[in-house]
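First up is the structure itself, then whatever we jot down about it.
The values are calculated or read from the model by the stated rules, or taken from the named source; none is laboratory data. Quantities reported herein were computed from a predicted structural model and do not represent experimental measurements. Note that we place each Cβ from the backbone using ideal geometry, even for glycine, and neighbour counts take in every protein chain shown.
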Amino acid sequence: MKSTRIGWLFASPALIVLGLFFGVPVLAAFGLSFTDFDLYALADLRNLRFAGVNNYTDLLQTPLFWKSLANTFYFVGVGVPLSIAVSLGAALLLHAPAARAKGLFRTALFAPVVTTVVAVAVIWKYLFHTSYGLVNWALAHLGVAPVDWFGDAHWAMPAIILFAVWKNFGYNMVILLAGLQGIPQDLYEAARIDGASRWRQFLHITLPMLGPVLMVVGVITISGYFQLFAEPYVMTQGEPLQSTVSVLYFMFDEGFKWWNLGRASAVAFLLFAIILGATALLLRFGRKRDLL
Amino acid sequence: MRARTLVLGCLLALCACTHDSGVTTIRFMAMGREAEVVSDLVAQFEHENPGVRVDVQQIPWTAAHEKLLTAFAADALPDICQLGNTWLPEFSALDSLEPLQPYVDASSTVDPRDYFPGIWDTNVIGGKLYGIPWYVDTRLLFYRRDLLAQAGFDRAPTSWPEWEQQMAAIKAHGHYGVMMPLNEFEQLLSFGLQQSDPLLRDDGTRGNFESAGFRRALAFYARLFAQGWAPPMSKTQISNVWDEFFNGLFVFYVSGPWNIREFRQRAPHGLEDSWATAPLPGPDGLGAGIAGGTSLVMFRSSQHKTQTWRFIEFLSRPEIQERFHAEIGDPPPRRSTWKLSGLVHDAYAAAFRDQLERVKPTPKVLEWERIVQEMRLVSERVVRGGEPQDQAVHELDARVDAILEKRRWMHERDQRVAGSL
């Protein structure tokens, strides 16, 4: 009894800070999402109307919201598997017995994670430049006609996905590398004695043994990728034809460009529900497969 | 370190309050380069007004809007600030601006008749004057004189039909007629302002884009692309608009006054005299342009209104405006400053002088910035996606009406209240 009280006492500074700076704002935002708080309301509270669930129903009828949702799902649907595949590939290469200068490569591949998004996004903007960019220059050598990366609505999102994958894969790579190092070597030795090929070893030893780690990586990556914002904010401002407006970008515009704080809060909670749903699905899948 | 400065700042503030040393400090929030330039002028003002100090606070343009709104919410607005004139409706809706008409009436320096009427008008909201124009901005034609001559014309167009004729001939010579980046709304907006139909109706509570006027503007704009006179590109697709201009990719370019300096600096050897500026052509004869620019406003919360007004007067003096203009390059709002600075004799600026007599303000509602974005999106869908124009203006009006819903509700409520009194 007494020990629980002491426990609460020790936890209280953190809880108070969390409650004050996280709990209260979240509750306030939740309340705000049921009003039409905007500039007029800021001027005079008489102009504030209780909106019920109007913000939510309005959003569901706003084409740009659906478009931003589709863009975000596109980004998550392609970006997450690609990102994990690249991370896994890099981790396997680093883990391979033949690899040399492992420390150097590990650092080099991890480096993009610790760079500033804005700074590297500017550089990638140059790389993707239609006439003078390195990417199109390389493609030209392969005989591919120049791609208008940020001008063509079909290519802007793939360009952002490539950039995001490059920027983030190092983080998962390190986690997966730790996972790989935790797989007992004797499993591979036994498989080799049985005459299993490299591919079969990967399929039947590496992947299942990495299962729980992949699960964690998947959950983290999905919730992170749903919150796409900085990349389009710096590189495309949502253009062309709003093909790179993500849900968070939409929320930012609603809130801080148009000052519709009620609607913006509603967007935030919808996104929260979506991320919650996606991760819950993933966790359920994991539990069924006994990965957790 | 920061904490110490803060404490020091608080102490200083306390001193300022308790000891009345006879010196009043007014806070002036200025943006970007304007803040740097104005700092040089402040010394003279302080010299002329020994009891007054001006504290210039520089904020970047990109953060200005948020910064001012948070300052409003926190009751920390400065005494005086520069505001883009499309922001005036917003801050007057917040009831944070001091009406300036009484000050102007008593002033011998600020003479409304000396200002370009369209620009002055942007500062009048609901019949009240809230700002004094500081510098102006509008869009007009930059063009390649040599290429236009090649196509067989010796002067810039003065009306839409003439312009179309010229662009058709230019296209036959292998150039684009005009560059109008699809991510900019100013071109279509200019064409829209040239019509007699207003862009919003019913006291700015409903869109008026289905009017005959705006339909005509949109049809003209869309035709430029449909005929292949204008390339359907956005800014990101053109690597360097100045290079392309001098490469001859296009002949006309609709842009603003800052580009005079850019074109002068960037003109390659041999092409220095190849370009010129001209006022915007309208449906029949020279047309209106956007009344853009920045105004000086005083906040109601200011404790030093007399001194602040004296500073606004100082910055509005033609000889001070001339010095300001020489540094910053933005055209001055007073005719006498134009005369004084010899700008009227500058061939490139002359077109702006001419255009400024024909500028029109955009609708004065705080939702305007949002509305104009919707207008741009619709025009992009028409040009790139081939959406029928009838459908486009109908959709646009529906969206604008939705944006203005709250304004409509407030308007009706206020009218009910006024009716019951």
**Request:** Of the conditions (1) away from chain B (no Cβ under 14 Å); (2) of a type in the set (Ser, Thr, Tyr); (3) exposed (fewer than 13 other Cβ atoms within 10 Å of the Cβ); (4) under 29 Å from A:Val247 (Cβ atoms), A:Ser83 clears all except one; give me its number.
**Result:** (3)
**Prompt:** Just wondering, is there one or more residues in segment A:130-152 that are within 14 Å of another protein chain (Cβ to nearest Cβ) and surrounded by fewer than 12 Cβ atoms within 10 Å (Cβ to Cβ)?
**Reply:** yes
**Matching entry among B:Gln321, B:Gln391, B:Gln373 (being more than 17 Å from the chain's Cα centre (by Cα), part of a helix (DSSP H, G or I) and either at pLDDT 95 or above or not assigned by TED's automatic domain parsing to the domain that holds B:Tyr103 (or both))** = B:Gln391
**Asked** Which residues, taken from segment B:377-395, are over 20 Å from B:Pro181 (Cβ atoms) and either within 13 Å of chain A (Cβ to nearest Cβ) or small (Gly, Ala, Ser) (or both)?
**Response** B:Glu395
**Request:** Name the single residue, out of those in segment B:279-316 being of a type in the set (Val, Ile, Thr) and touching a strand residue (DSSP E or B) at 6+ places or on another chain (Cβ under 7 Å), that is nearest to B:Phe72 (Cα to Cα).
**Result:** B:Val297
**Complete:** The correct count of residues that are assigned to a helix (DSSP H, G or I) and in contact with a helix residue (DSSP H, G or I) (Cβ under 7 Å, 6 or more places away or on another chain) in segment B:247-285 is 4
**Fill in**
Note on B:Glu66: of the conditions (1) of a type in the set (D, E, K, R); (2) within 14 Å of chain A (Cβ to nearest Cβ); (3) surrounded by 15 or more Cβ atoms within 10 Å (Cβ to Cβ), unmet is (3)
**Asked** Do the conditions hold for B:Pro181, that is, is it modelled with pLDDT of 95 or more, part of a loop (DSSP other than H, G, I, E, B) and either of a type outside the set (Ser, Thr, Tyr) or farther than 30 Å from A:Arg46 by Cα (or both)?
**Response** no
**Prompt:** For segment A:93-126, which residues satisfy the criterion of being more than 14 Å from chain B (Cβ to nearest Cβ) and under 23 Å from A:Thr244 (Cβ atoms)?
**Reply:** A:Pro112, A:Val113, A:Thr115, A:Thr116, A:Val117, A:Ala119, A:Val120, A:Ile123
**When residues of segment B:77-101 are limited to those that are within 10 Å of chain A (Cβ to nearest Cβ) and part of a loop (DSSP other than H, G, I, E, B), the one surrounded by the fewest Cβ atoms within 10 Å (Cβ to Cβ)** = B:Asp95
**Item:** Subset of segment A:28-50 [within 18 Å of A:Glu254 (Cβ to Cβ) and not in a helix (DSSP H, G or I)]
**Value:** A:Ser33, A:Phe34, A:Thr35, A:Asp36, A:Phe37, A:Asp38, A:Leu48, A:Arg49
**Lone unmet requirement of (1) among the aliphatic types (A, V, I, L, M); (2) surrounded by 12 or more Cβ atoms within 10 Å (Cβ to Cβ); (3) more than 14 Å from chain B (Cβ to nearest Cβ) for A:Val17** = (2)
**Message:** Can you confirm whether A:Leu69 is buried (at least 17 other Cβ atoms within 10 Å of the Cβ), in contact with a Lys or Arg (Cβ under 8 Å, 6 or more places away or on another chain) and of a type outside the set (Ser, Thr, Tyr)?
**Reply:** no
**Complete:** Subset of segment B:127-148, residues at negative phi, out of contact with any Gly (no Cβ under 8 Å at 6 or more places or on another chain) and not in a strand (DSSP E or B), comes to B:Tyr130, B:Gly131, B:Arg145, B:Asp146, B:Leu148
**Request:** Residues being under 24 Å from the mean Cα position of the chain (by Cα), farther than 21 Å from B:Trp160 by Cβ and surrounded by fewer than 19 Cβ atoms within 10 Å (Cβ to Cβ): count how many of those fall in segment B:260-290.
**Result:** 4
**Item:** Pick from segment B:396-413, criterion more than 10 Å from chain A (Cβ to nearest Cβ) and of a type in the set (D, E, K, R), ranking: surrounded by the most Cβ atoms within 10 Å (Cβ to Cβ)
**Value:** B:Asp397
**Message:** Every residue in segment B:102-126 that is touching a helix residue (DSSP H, G or I) at 6+ places or on another chain (Cβ under 8 Å) and in a helix (DSSP H, G or I), please.
**Reply:** B:Tyr103, B:Val104, B:Pro112, B:Asp114, B:Gly118, B:Ile119, B:Trp120
**Prompt:** Going through segment A:229-247 one residue at a time, which ones are of a type in the set (Phe, Trp, Tyr) and within 12 Å of chain B (Cβ to nearest Cβ)?
**Reply:** A:Tyr233
**Asked** Among A:Phe30, A:Phe75, A:Phe65, A:Phe22, which is the only one that is under 30 Å from the mean Cα position of the chain (by Cα), within 14 Å of chain B (Cβ to nearest Cβ) and aromatic (Phe, Trp, Tyr)?
**Response** A:Phe65
**Request:** Could you please let me know if A:Trp124 is within 24 Å of A:Met173 (Cα to Cα), out of contact with any strand residue (DSSP E or B) (no Cβ under 8 Å at 6 or more places or on another chain) and buried (at least 17 other Cβ atoms within 10 Å of the Cβ)?
**Result:** yes
**Request:** Would you tally the residues in segment A:40-62 being free of Cβ contacts under 8 Å to residues at least 24 places away in the same chain, within 14 Å of chain B (Cβ to nearest Cβ) and more than 30 Å from the chain's Cα centre (by Cα)?
**Result:** 10
**Message:** On the basis of being in a helix (DSSP H, G or I), touching a helix residue (DSSP H, G or I) at 6+ places or on another chain (Cβ under 7 Å), in the same structural domain as B:Glu262 (by TED's automatic domain parsing) and farther than 30 Å from B:Ser274 by Cβ, does B:Ser379 make the cut?
**Reply:** yes
**Request:** Identify the single condition in (1) more than 14 Å from every other protein chain (Cβ to nearest Cβ); (2) closer than 27 Å to A:Ile160 by Cβ that A:Leu283 does not satisfy, given that it satisfies every other one.
**Result:** (2)
**Complete:** If we ask which residues in segment B:215-246 are within 14 Å of chain A (Cβ to nearest Cβ) and assigned to a helix (DSSP H, G or I), their number turns out to be 6
**Asked** Quick check, is A:Ala266 more than 19 Å from the chain's Cα centre (by Cα) and either in contact (Cβ under 8 Å) with a residue 24 or more places away in the chain or not in a loop (DSSP other than H, G, I, E, B) (or both)?
**Response** yes
**Asked** Which ones in segment A:211-228 are in a helix (DSSP H, G or I) and touching a residue at least 60 places away in the same chain (Cβ under 8 Å)?
**Response** A:Gly211, A:Pro212, A:Leu214, A:Met215, A:Val217, A:Gly218, A:Val219, A:Thr221, A:Ile222, A:Tyr225, A:Phe226
**Condition broken by A:Phe37, with the remaining ones in (1) without any contact (Cβ under 8 Å) to a residue 24 or more places away in the chain; (2) in contact with a Gly (Cβ under 7 Å, 6 or more places away or on another chain) satisfied** = (1)
**Message:** Looking at (1) in contact (Cβ under 8 Å) with a residue 40 or more places away in the chain; (2) closer than 19 Å to A:Leu93 by Cβ; (3) aliphatic (A, V, I, L, M), which one does A:Leu207 not meet, given that it meets all the others?
**Reply:** (1)
